[in-house]
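Take a look at the structure set out below.
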Amino acid sequence: ANTAQIVRNAAFTLSQHEGPLGLHLIRSPHTDILLQHSLNVAFIAMLMAHELGMNPIELEEAGLAGLIHDIGELKIPSQITQKRGDLSKAEQNFLNMHPQYGLEMLTQLNAFEPKIRQVAHLHHERLDGSGYPLGIKGGEIPPLARLIGLVDFYDELLHPRNSGTPAAPSQAISQLYKLSQKKFDQNLVKLLVKVLGVYPPGSLVKLSDESIALVLS
């Protein structure tokens, strides 16, 4: 509930804001990995929603959808969600149940609007039908699930929770272009790049005095 209030407050601030916006991605060793990921997705989604000209209610919905999209992972054993190295086929199949678990948990709690619950269920669907759990295509995937699905994928490239080396922000963006031609709405991909800027948070840059800096926001 407290985290949802943080997201609601941020949505309100964004809806009142004119001009350029900063983005500070959270990556703290003291914060739960799933919570960090969910907050990152929520804030990037709200920035994109703001750029799309969404109204204050829609902005809040985008943030809350980002916050709860992976809630079903709470039902997956931590030895799977936090495993270092590749998952076995059985473990991957178990992890792939999290959208269904998420929908069931939110429905049981009667929490949030149906369109927000739907994002927990459908954020791994892809435009070409290669996603899960339903394998639906194109316009069958609700717009909010498309938005959160893209941002979720981007943050997962930056901060993989299982195997693989984290991608640098610039690499993550180039991978998005390569991997996403048929899977994601390309207008949303372009918007994500616009929102993140040429040097997204997390980038290492060389300044004019030759010193190295980390972009925070």
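One table, with the values for the structure above:
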{"read-out": "Some residue of the range 149-163 being open to solvent by 40 Å² or more (accessible area, probe 1.4 Å) and aliphatic (A, V, I, L, M)", "value": "no"}
{"read-out": "Failed criterion for M105 (all others in (1) modelled with pLDDT under 95; (2) more than 24 Å from K183 (Cα to Cα); (3) not acidic (D, E) hold)", "value": "(1)"}
{"read-out": "Residue match in the range 160-171 (condition: of a type in the set (D, E, K, R), out of contact with any Asp or Glu (no Cβ under 8 Å at 6 or more places or on another chain) and farther than 21 Å from L106 by Cα)", "value": "yes"}
{"read-out": "Members of the range 47-72 that are farther than 26 Å from E104 by Cβ and either open to solvent by less than 50 Å² (accessible area, probe 1.4 Å) or among the small types (G, A, S) (or both)", "value": "L47, M48, A49, H50, G53, L59"}
{"read-out": "Criterion violated by L87 - all others in (1) hydrophobic (A, V, I, L, M, F, W, C); (2) surrounded by 19 or more Cβ atoms within 10 Å (Cβ to Cβ); (3) modelled with pLDDT under 95 satisfied", "value": "(2)"}
{"read-out": "Residue in the range 186-197 that is open to solvent by 40 Å² or more (accessible area, probe 1.4 Å), under 16 Å from the mean Cα position of the chain (by Cα), under 21 Å from N96 (Cα atoms) and modelled with pLDDT under 95 present", "value": "no"}
{"read-out": "Residue satisfying all of: in the range 90-117; open to solvent by 50 Å² or more (accessible area, probe 1.4 Å) and polar (S, T, N, Q); nearest to R161 (Cα to Cα) among these", "value": "Q92"}
{"read-out": "Boolean, P166 is modelled with pLDDT under 85, closer than 23 Å to L127 by Cβ and not in a helix (DSSP H, G or I)", "value": "no"}
{"read-out": "Those residues of the range 50-69 which are of a type in the set (A, V, I, L, M, F, W, C) and either touching a residue at least 24 places away in the same chain (Cβ under 8 Å) or assigned to a helix (DSSP H, G or I) (or both), in sequence order", "value": "L52, I57, L59, A62, L64, A65, L67, I68"}
{"read-out": "Test: residue in the range 119-126 that is in contact (Cβ under 8 Å) with a residue 12 or more places away in the chain and more than 19 Å from the chain's Cα centre (by Cα)", "value": "no"}
{"read-out": "Residues located in the range 70-93, provided they are touching a residue at least 60 places away in the same chain (Cβ under 8 Å) and either under 20 Å from F153 (Cβ atoms) or part of a helix (DSSP H, G or I) (or both)", "value": "D70, T81, Q82, K83, D86, L87"}
{"read-out": "Qualifying residue in the range 201-216 (condition: open to solvent by 10 Å² or more (accessible area, probe 1.4 Å), of a type in the set (V, I, T) and at pLDDT 85 or above)", "value": "no"}
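The values are calculated or read from the model by the stated rules, or taken from the named source; none is laboratory data. Keep in mind that this is a model prediction, so the values were computed, not measured. Heads up, the Cβs are rebuilt from the backbone with ideal geometry, glycines too, and the neighbour counts pull from every protein chain shown. When the accessible area is computed, the model is the full protein with side chains, heavy atoms only, and any ligands, DNA or RNA have been set aside. Shrake-Rupley method; radii C 1.70, N 1.55, O 1.52, S 1.80 Å.
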